[in-house]
Amino acid sequence: MAETKVAEVMAELAALEDPKTRAVNERHGDDHGVNLGKLRAIAKRLKTQQELARRLWETGDTAARLLAILICRPKAFERDELDVMLRAARTPKVHDWLVNYVVKKSPHAEELRLAWSADPDPVVVSAGWALTTERVAKRPAGLDLAGLLDVIEAEMKDAPDRLQWAMNHCLAQIGIDHAEHRARAIAIGERLEVLKDHPTPPGCTSPFAPVWISGMVRRQQDKTEA
């Protein structure tokens, strides 16, 4: 029964494959051509199915893995299972969704944050930084924010792209949420100029930390005054 279900879902995903969508995704390192809105519609129909999610993940297909992430039960995964999955998450979208939709909801998130932050693989380290950013925003107690800024200041400029992006997000989050570190966070961003010239669509916030921090703080202040 499970084999039939996996085959049916894979056939449905294959039917949704669109060459133009694939071309756009491949420019970002993602090797699939399924519209994410349609993928989410399938997930909504299937609802949570942990065993099916595991089987879809095992196919190694990017679209199937994204669907698996949407229909899985995050708290059902063991710590070592999540570690193996992250290291097998070859594409940026699968990596990001796995961290944001699964690992952040796992009881093993803090243990994995510490382990991944000390890993020799920069892509794995980027997941550690993503989990650290989550703590900066939601559970900062116990974090050495000044120490994090020290590391960012020393290492972000020369970090590989995905790690650099994750460190930059943490820098911005510290500046946005922690007023006592805001001036230093902005100064680090201005000095390092990471993502300063990154193209930003109209209406979107620039990922350049000083602009990102100032824009979000201003938005928060406007909400308070409204």
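The values are calculated or read from the model by the stated rules, or taken from the named source; none is laboratory data. What you see is a predicted model, and the numbers here were worked out from it, not measured in a lab. We place every Cβ from the backbone using ideal geometry, glycine too, and count neighbours over all the protein chains shown. For accessibility, only protein heavy atoms count, side chains too; no ligands or nucleic acids. Shrake-Rupley method; radii C 1.70, N 1.55, O 1.52, S 1.80 Å.
For residue 47 and residue 119 in the same chain, what is the full-extension length gain: residue separation times 0.36 nm, less their Cα-Cα distance, in nm?
22.5 nm
Roughly how big is region 1-123's charge dipole about its Cα centre, with Cβ charges of +1 (Lys, Arg) and -1 (Asp, Glu), in debye to the nearest 20?
Numbers: 21 positive and 20 negative charges, 125 e Å.
In debye, rounded to 20, region 1-123 gives about 600.
With 27 Å as the limit, write out which pairs from 93/157; 75/157; 20/75 have Cα-Cα distances beyond it, or answer none.
Pairs exceeding the cut-off: 75/157; 20/75.
How large is the translational diffusion coefficient of the chain in µm² per second when you combine the Kirkwood radius over alpha carbon pairs with Stokes-Einstein at 20 °C and 1.002 mPa s? Intermediate results must be reported in sequence, preceding the final value.
On the way: Rh = 19.0 Å.
Answer from the Stokes-Einstein relation: 113 µm²/s.
Rounded to the nearest whole Å², what accessible area per residue is found for the chain with the 1.4 Å probe?
With the other protein chains kept in place, the chain gives 53 Å² per residue.
Expected output is a single nm value to one decimal: the length gained when fully extending between residue 144 and residue 78, i.e. 0.36 nm times separation in residues minus the C-alpha distance. What is it?
21.0 nm
Considering every pair of different Cα atoms, what Kirkwood radius, in Å, is found for region 59-171?
Averaging 1/r across every pair of different Cα atoms and inverting gives 14.3 Å.
Over the chain, what percent of the accessible surface lies on carbon and sulfur atoms, probe 1.4 Å?
Taking all protein chains in place, the chain shows 53 percent carbon and sulfur surface.
Calculate, for residue 155 and residue 23, the FRET efficiency according to 1/(1 + (r/R0)^6) with r their C-beta to C-beta distance and R0 25 Å; round to the nearest 0.05. Intermediate values should be presented prior to the final figure.
On the way: r = 34 Å, r/R0 = 1.36.
Calculated value: 0.15.
Let me know the charge dipole size of the chain about its Cα centre in debye, to the nearest 20, where only the beta-carbon of Lys, Arg (+1) and Asp, Glu (-1) is charged.
That gives a dipole near 880 debye.
Rank 37, 56, 185 by how far each Cα sits towards the positive end of the charge dipole of the chain (+1 on Lys, Arg Cβ; -1 on Asp, Glu Cβ) and give me just the farthest.
Of 37, 56, 185, it is 37.
Can you pull the accessible area of residue 105 for me, 1.4 Å probe, Å² to the nearest 10?
So the heavy atoms of residue 105 present about 110 Å² to solvent.
How big is the dipole moment of region 100-215 about its Cα centre under a simple scheme where the beta carbon of each Lys and Arg is +1, that of each Asp and Glu is -1, and everything else is neutral? Debye, nearest 20, please.
The dipole of region 100-215 has a size of about 400 debye.
Report the calculated FRET efficiency for residue 15 and residue 220 (r = Cβ-Cβ distance, R0 = 41 Å), to the nearest 0.05.
On the way: r = 45 Å, r/R0 = 1.09.
Calculated value: 0.40.
Nearest 500 deg cm²/dmol is fine: what mean residue ellipticity at 222 nm does the chain get from its DSSP H runs of n ≥ 4 alone, each adding -39,500 (n - 2.57), divided by its residue count?
After summing the helix terms and dividing by residue count, I get -20500 deg cm²/dmol.
Region 44-95: which trypsin sites (Lys or Arg not before Pro) are DSSP loop and have at most 12 other beta-carbon atoms within 10 angstrom?
Of the trypsin sites (Lys or Arg not before Pro), the ones in loops of region 44-95 whose Cβ has at most 12 other Cβ atoms within 10 Å are 47.
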